[in-house]
Each structure stands twice: as C-alpha cells, then as structure tokens.
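For reference, the structure discussed in these notes is given below.
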Amino acid sequence: MSKMRALVLERQHELAIRDIDLPQQVGPGQVKIKIHTVGVCGSDVHYYTHGKIGPFIVNEPMVLGHEAAGTVVEVGAGVTHLKIGDRVCMEPGIPDANSKASRLGMYNVDPAVTFWATPPIHGVLTPFVVHPANYTFKLPDNVSFAEGAMVEPFAVGMQAATKARITPGDTAVVLGAGPIGIMVAVAALAGGCARAIVADLAQPKLDIAAQYQGVIPVNIREKNLVEEVDRLTDGWGADVIFECSGSPKAWETVMALPRPGGVIVAVGLPVNPVGFDVSTASTKEIRIETVFRYAHQYERSIALIASGRVDLKPLISETFDFEDSIKAFDRAVEARPTDVKLQIVLDQ
C-alpha cells in the first residue's frame, strides 16, 4: 500500500481530496497506469447523494470514479500486448476468470466481479492505479483521453445494441435521453438502425441527441409517443425498443411501441419492481432482453470511435481539474438538463 492523493467519499454527502492508502504494487499480468481523464458517472453521484445502491453500501471511505483513460507507466511480468507509454482505457469490472459465468463468456454477470467505485472496491480518481492488463485496452493515436474515458458508458450502449440483434434498416425507439440513452441511440445507429426515435421530457437533452444524424427527438410533454411511433412506422411499430429511463411509468405503455416480433431491451433500472403486460407481449411475440453493464464491448467501442463512425465528443459538457473534483460532483448533483457527461482531468 502507498499513500495516494484521491477524491474520497468519506460517507454520504461528504467528499474530500486527501491522501489514502491504495495498492500500487504491480504483479504478474498487471500494469500501472497514470490516470489522465475520469468521467463522472451517475452511479458515482448516487453513492455521494444516497450512500448506497441496492445492496452496495458505503460503510467506509471509498475512492470514486470508474470511467477512465491514462498512460501505462509500468508493466508486470507476462504482459506482452502493452508497453510503457501506451495510451489506454480500462474496463473497470474484473471477474473470476474460472467462474462458470466467465467460462460461458458472460463475465459481466459473474457474482465475484469486483468493480471500481463499487463498495468496498476503490475507484480511480487518483493519480495512479494498478489493473489487470487483460482488461486494459490500447487507444489508437486519433482517440483522445477524453474519448477513452467515454468508452465505459458507450460500452453499455454497445451491449444494448448487441442484445437487440439489430438488422440493418431497423427503427429503434430509445426511452430516455440521459447519458446512457444517448449512448444507446448512437450505438444502435452505428449497429445498423436507420433511425432512432429518442423520447424524453427535457428538451435540452433532446436537442443534444438530435445532433446525431438519424435521431428523431420526441418531447413527450408535447406529443404522445405511441401516436408518434405509429405515425412514423405507418402503424406497424418499431423494431427495437430500448428502455433507458428506469422510470416505472415507461413500462405502462412500452408494449404498444414494438412491432409484432419486435424486441424490448431493458437498460434502465427501476428502483422497485414494475408491472409487466404479459398478454400483449405474448400476442405480439415480443422478445425481452436485459442489460447489465457489458461484456466483450471495449475493443468494438474503441474501433468505432477510431473509425470516425462514432463521435462522442459532443457529449462532453464540461471538464474540471482534479482539484475541482468536488465542484464537478456538486455540478453533477444539480442534474442540469444541458449536461450529458462531466469529466475530471488529473494529468495536465
């Protein structure tokens, strides 16, 4: 252990930038990374404001942050695909490689996963971290650190698009224009959807989403979404529905949106159980898919960003210096409708 300066969640509602003991020894198969950019995620903010997410409770001080990019500064024994100086981003969830879930390729649902900034695991808002090389991915020269730190949330969108089994030319509906909703829409379009109807209550968020070609924004304060989808699809329904809002109310009418044989992908997580219209789902033979984080999506996400097919830079609302990290989190708590992603830079 070494003393490292970090952004520490001491307890609910209390953040501090201070020294804390963190592991820095580089073992076989590991690399040490100098952190450059870290994104502020909704889960980080939720731990700050509520002190817990479901069964994960902040019982002791915890370093926040899990969306990160940086530079390799030390390489452990046996690592051959990375070298000192490589610019990288890191997948924050580490499973047990020998678990049944991992052997099935579903390592994201391995109960043994340890995930940055999920109690009791420390996050990465600190100058240096040690991480398994197999979950560390080299960034191409034309992908910035800021974009590298966006790979983690974009991977959620990629997982959703993959689970949807999109066919080229599909019409998608995305419920919720928050950071994940927009990422899902972008991933769906990159995956072959001809258009993505994005629905939300907040016009500023819809305006941001509408910057992307193929997005059709629908303000559900002003328009009935079911009627709009019917109009745009000539009464047939959309091929793919992505529920990204986490709102229980969304499930009240969601079955009216997909076409017969369509799919609903549950991305948002309601706090409490929701009602489910099994009869309509059955008579339309609607397929239901779920998403928990992501698996095998980092390399694909990086490739899309590097190719120019996906541009996530418009979603970065503001960047803060590390010393202003608490200000960044307080800004995130405000939940300004014009903010999508706030980032913190540690290495100038």
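All of the numbers you see were taken from the coordinates with simple rules; none came from a lab. Since the model is a prediction, treat every value here as computed from it, not as a measurement. Backbone-built Cβ (ideal geometry, glycine too); neighbour counts: all protein chains shown.
Considering Cα pairs under 8 angstrom that are at least six residues apart, work out the relative contact order of the chain and quote it in whole percent.
On the way: 797 pairs, mean separation 60.4, N = 348.
Reported relative contact order: 17 percent.
Quick one, what does Rg over Rh come out to for the stretch 57-210 if you take C-alpha atoms and the Kirkwood Rh? Kindly include the intermediate steps, with their values, before the conclusion.
Working: Rg = 17.7 Å, Rh = 17.6 Å.
Ratio of gyration radius to Kirkwood radius: 1.01.
Name the residue farthest towards the positive end of the dipole of the chain from the options V58, V73, V254, assuming +1 on Cβ of Lys and Arg, -1 on Cβ of Asp and Glu, about the Cα centre.
Sorting the options by dipole projection puts first V73.
Let me know the whole percent of all Cα-Cα pairs from the stretch 176-309 that are separated by more than 25 Å.
Working: 2138 of 8911 pairs.
That fraction is 24 percent.
Please work out, to two decimal places, the log10 of the ratio I(q)/I(0) at q = 0.13, 0.23, 0.27 Å⁻¹ from a Debye calculation in which every Cα of the stretch 290-348 carries one identical scatterer.
So the normalised log intensities are -0.51, -0.98, -1.00.
Any idea what the dipole of the stretch 2-151 comes to, in debye rounded to 20, about its Cα centre with Lys/Arg Cβ at +1 and Asp/Glu Cβ at -1?
200
Picking from V345, V278, V113, whose Cα lies most toward the positive end of the charge dipole for the chain (charges on Cβ: Lys, Arg +1; Asp, Glu -1)?
Going by the charge dipole, the pick is V113.
How many Å³ per residue does the convex hull of the Cα positions in the stretch 129-232 occupy?
Details: hull volume 13.2 nm³, N = 104.
That works out to 127 Å³ per residue.
One quarter of the convex hull surface, Cα atoms only: what value does that give for the stretch 153-193 in nm²?
Values: hull surface 9.4 nm².
Its Cα hull, projected and averaged over all orientations, spans 2.4 nm².
On average, how much area does the Cα convex hull of the stretch 1-75 cover when viewed from any direction, in nm²? Let's see the in-between values first.
On the way: hull surface 22.7 nm².
Taking the Cα atoms of the stretch 1-75, their convex hull projects to 5.7 nm² on average.
Quick check: net charge around Y298, other residues with Cβ under 10 Å of its Cβ, Lys/Arg +1 and Asp/Glu -1? Spell out each step's value before the answer.
Numbers: positive: R300; negative: E91, E152, E299.
Summing Lys and Arg as +1 and Asp and Glu as -1 gives -2.
Just the number: Rg to Rh for the stretch 1-141, Cα atoms, Kirkwood Rh, two decimals.
Values: Rg = 15.1 Å, Rh = 15.6 Å.
My calculation of the ratio gives 0.97.
Evaluated at 10 °C with a viscosity of 1.306 mPa s, what Stokes-Einstein diffusion coefficient in µm²/s does the stretch 71-110 have when Rh comes from the Kirkwood expression over alpha-carbon pairs?
Roughly 132 µm²/s, to the nearest whole number.
Cross-link list K32/K341; K32/K83; K138/K327; K163/K249; K223/K313: which exceed 20 angstrom alpha carbon to alpha carbon?
Numbers: K32/K341 26 Å; K32/K83 10 Å; K138/K327 30 Å; K163/K249 23 Å; K223/K313 29 Å.
Beyond 20 Å: K32/K341; K138/K327; K163/K249; K223/K313.
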